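Have a look at the structure below, then the notes.
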Amino acid sequence: MLLFMDAPQSSTGASQTPPSRQSQKGLDIKPGKPYPRGATWDGIGVNFALHSAHAEKVELLLFNDAADAEPAATFVLPEQTGPMWHGYVVNLRPGQLYGYRVYGPYDPKNGHRFNPNKVLLDPYAKAIGRPLRWDDSLFGYDVDDAEDKDLSFSTTDSAPYAPLGAVIEETFAWGNDQRPKIPWEDTIIYETHVKGMTKQHPEVPESLRGTYLGLACEPVIEHLKKLGITTVQLLPVHAKLQDRFLLEKGLRNYWGYNTLAYFAPEPEYSSNGSITAVRDFKMMVRALHDAGLEVIIDVVYNHTCEGNQMGPTLSLRGIDNRTYYKLNPDDNRYYMDYTGTGNTLDPGDSYVLQMIMDSLRYWVTEMHVDGFRFDLASALARELYDVNMLGSFFKVVQQDPILSQVKLIAEPWDVGPGGYQVGSFPWQWAEWNGRYRDAIRRFWRGDRGLTGEVATRIAGSSDLYERSGRRPFASINFITAHDGFTLQDQVSYERKHNEENKEGNRDGHDHNYSVNCGVEGPTDNPQVIECRERRKRSLMATLMLSQGVPMILGGDELSHTRRGNNNPYCQDNEITWYNWDLDEREQKFLDFVRNLTQFRKEHPSFRRRHFLAPTNGEEGTGDVLWWHPDGREMTHDDWHDDGLRAFGYLLRGKGLEPDPQGRPRRDDSFLVLMNQGDDPVPIELPEETNELEDVGCEGWHVVPELAEERTGADPLEPGGVLTLRPQRLLALRAVPPSDEGE
């Protein structure tokens, strides 16, 4: 590590706060500048700037080594400009470890929790120079005071244990790195975890497994390309906290939804120490971009890892608790908790909003990511307490010349009142469509009365998005995600099995809309296995043949099981790590998914830029005709027939809207048929694809990517009858009169 000159050796134990001096061992501090916030190296020294509206004094602490129990030098930041405290230290270089002590009132009942005995992490730290080591001294109150609890005041120095930031060198040889800029309608998202995807990959070098560079290895990229993926969406990569209560149980915070620092990549995924995490992340992005793959990161700007009033004082709480967090207006001792984690950030404060925006822009401009998925995004719309989609955060994003040009995906809910906001986000945003997930899961489970709901979701959810001028690609369609069952578990378990989380199986959702095909969990029964494979194919095929943007949960293509755990946030082990050793059944399913994504790419009928227009019987126009098994168009009464277990839709390929460059597009016409029931259903096939325009049909070819026993068979006769097996989806391609070779 590069350090300042002639720094004294530190002691091995905790010490009292060292005296502040403005010149120490060849170093001196100058006034510096209030911007940019954070630690900025200019080739000569480092400017430090920290925001705290209610602080009375701020000290900068410089550490020689991560093992040191006390700083080698301490400076008072010499100037305050508005709420910005700042100073410039000459002769510091990248690699320097640092933290802060912030002085001010300790008055929890009025929202102030300043405690200068606590060393605090810079919220703008670009790298974690030393991870946290748990100790009671990290709490701002006396943990042994059972009477006053968080109202008490801790005098113990946290310097030996607190997380530290590190000054970085931001230059990187990006070369000719270019953003792939995949159009929304062509996007296929793959949600994955940096560590879990490669930890057990046999072709990734052992030293790189579970790291950013592991994800950049050729075998991993080749897998993603063969799978037809365009966009890799990573679970949180911001530096996270390992929760104390999990470590005490022998568990770990695996998912990462417990952010410690919004600018620093998680150091655990570095290949060679925490400070190289920045370089490794950039190398990963560059490799994925070279392969034409976008990178989206999951971000958690709704809360931090400091928890409720009983949590530790690690950063924002000790810097300016009242500014950074939403406090209970009736009692400022407590936090408003719209996230279920104990606290909620306050983007209604202009400086908190600036921090969020600076972080987002940093990850785009310096780390080259292509977009963001916002965890519990409704919390960002709570300027005061109600959800407001016209709030400051969304206005600022909309006008920002950088962020308005990247992919923005909302998880459109939080745990507060009025937090479920599917379909309500601004037009530039896409959303995880929870209504799609639930409808498709329930349909293929066999629930009745869902025909109309499923048709609406397959067609792009126009009821949610069209009225605000949005397109089908506003809907991120998914069956499974990190939160919940995997696809294999969705057809193998009817109940959650979260015992290994050591919470008495009380955590996780109880409503999974899943099915086990007669046996709970693993089985050797061939009938049960066949049933599960059929349902998996139907679920995945529905996803890929729906209008909107499909998202695959990483590992689903490998038939990965989490053994029925639907909340494995704390399972950093084989439960969540992908198993790449596939048997014959698993390999066949992988091939099926690959063929299915390729089919979607080849046929623009299934990835339209505009919502489907219904048929018009008088003019012979329209994109879709909903098909009844009796060989006719669905009627109003059919949509409300709870006994109807099978139906389909005819997508007309003629007259597709042009691409964004105005080039005409045309596709085949397809008939997609679905049978959710337990019995075979005879379905009479259409005779024409559009009878009023005299578009005839010489036959119906079974789409081989979706076929089982019919591969290579002769076309089915128009007006003929096809018997669709139980829990089965099948697609047929219309053979027009001129298509003589097929």
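Before moving on, here are some points about what is shown:
- Cysteines, the chain, no other Cys beta-carbon under 4.7 Å: Cys217, Cys305, Cys570, Cys697
- The separation of the stretch 437-483 from the stretch 714-732, counted between C-alpha centres, amounts to 24 Å.
- The distance from the alpha carbon centre of the stretch 302-357 to that of the stretch 73-109 is 21 Å, rounded to a whole number.
- Counted charge near Asp157, where neighbours are those whose Cβ lies closer than 13 Å (Asp, Glu -1; Lys, Arg +1): -3
- Neighbour net charge for Gly111 - beta-carbon separation under 10 angstrom, K R +1, D E -1: +1
- Projecting the Cα atoms of Phe139, Ser152, Tyr124 onto the dipole axis of the stretch 119-178, where Lys and Arg carry +1 and Asp and Glu carry -1 at the beta carbon, places Tyr124 farthest toward the positive end.
- C-alpha center-to-center spacing [the stretch 393-424, the stretch 635-706] in angstrom: 35
- With the convex hull drawn around the C-alpha atoms of the stretch 40-149, the volume per residue stands at 107 Å³.
- For Leu241, residues with placed amide H under 5 Å, excluding near neighbours: Asn258, Leu260
- Calculated [222 nm] ellipticity per residue, helices only, for the chain: -5500 deg cm²/dmol; basis is -39500 (n - 2.57) per DSSP H run with n ≥ 4, divided by all residues, nearest 500.
- Eligible lysines near Lys33 by straight Cα distance, threshold 30 Å, same-chain separation 8 or greater: Lys25, Lys57, Lys118, Lys126, Lys240, Lys282, Lys326, Lys395
- Set against the labelled values (i) 1.15; (ii) 1.28; (iii) 1.05, Cα Rg over 2.2 N^0.38 Å computed from this structure falls on (iii).
- Simple Cβ-charge dipole of the chain, Lys/Arg +1 and Asp/Glu -1, about Cα centre, in debye nearest 20: 1880
- Partner aspartates and glutamates whose Cα lies under 16 Å from the Cα of Lys30, excluding those fewer than 8 positions away in the same chain, are identified as Asp42, Glu59, Glu79.
- Packing, as the average of other Cβ atoms within 10 Å across residues, places the peptides 334-346, 503-515, 294-306 in the order 294-306, 334-346, 503-515, highest first.
- This model, with +1 at the C-beta of Lys and Arg and -1 at the C-beta of Asp and Glu, gives the stretch 23-166 a dipole about its Cα centre of some 780 debye.
- The label-point distance for Gln598 and Ala69, in a model that sets each label 7 Å from Cα toward Cβ, rounds to 6.3 nm.
- DSSP beta bridges confined to the chain are antiparallel in about 75 percent of cases.
- When you count the other C-beta atoms within 10 angstrom of each residue and take the mean per peptide, 121-129, 87-95, 368-376 line up highest first as 121-129, 368-376, 87-95.
- Shown here for the stretch 20-98: GluC sites (Glu not before Pro) in loop regions (DSSP other than H, G, I, E, B) with at most 15 other Cβ atoms within 10 Å, namely Glu56.
- The chain: DSSP helices with Cα axial extent of at least 18 Å and average Kyte-Doolittle hydropathy no lower than 0.0: 350-365
- As a rough guide to protection, the peptides 393-401, 99-107 ranked by mean Cβ packing within 10 Å, highest first, stand as 99-107, 393-401.
- Per-residue HN-Hα couplings for the stretch 293-308 [Karplus 6.51, -1.76, 1.60; θ = phi - 60°; Hz; x = Gly/Pro]: 9, 7, 10, 10, 10, 7, 10, 10, 9, 8, 7, 10, 7, 6, x, 7
Since every read-out is calculated from the coordinates, none of them should be taken as a lab result. Owing to the predicted nature of the structure, the values given are computational and were not obtained by experimental measurement. Reconstructed Cβ throughout: ideal geometry from the backbone, glycine too, with neighbour counts over all protein chains shown.
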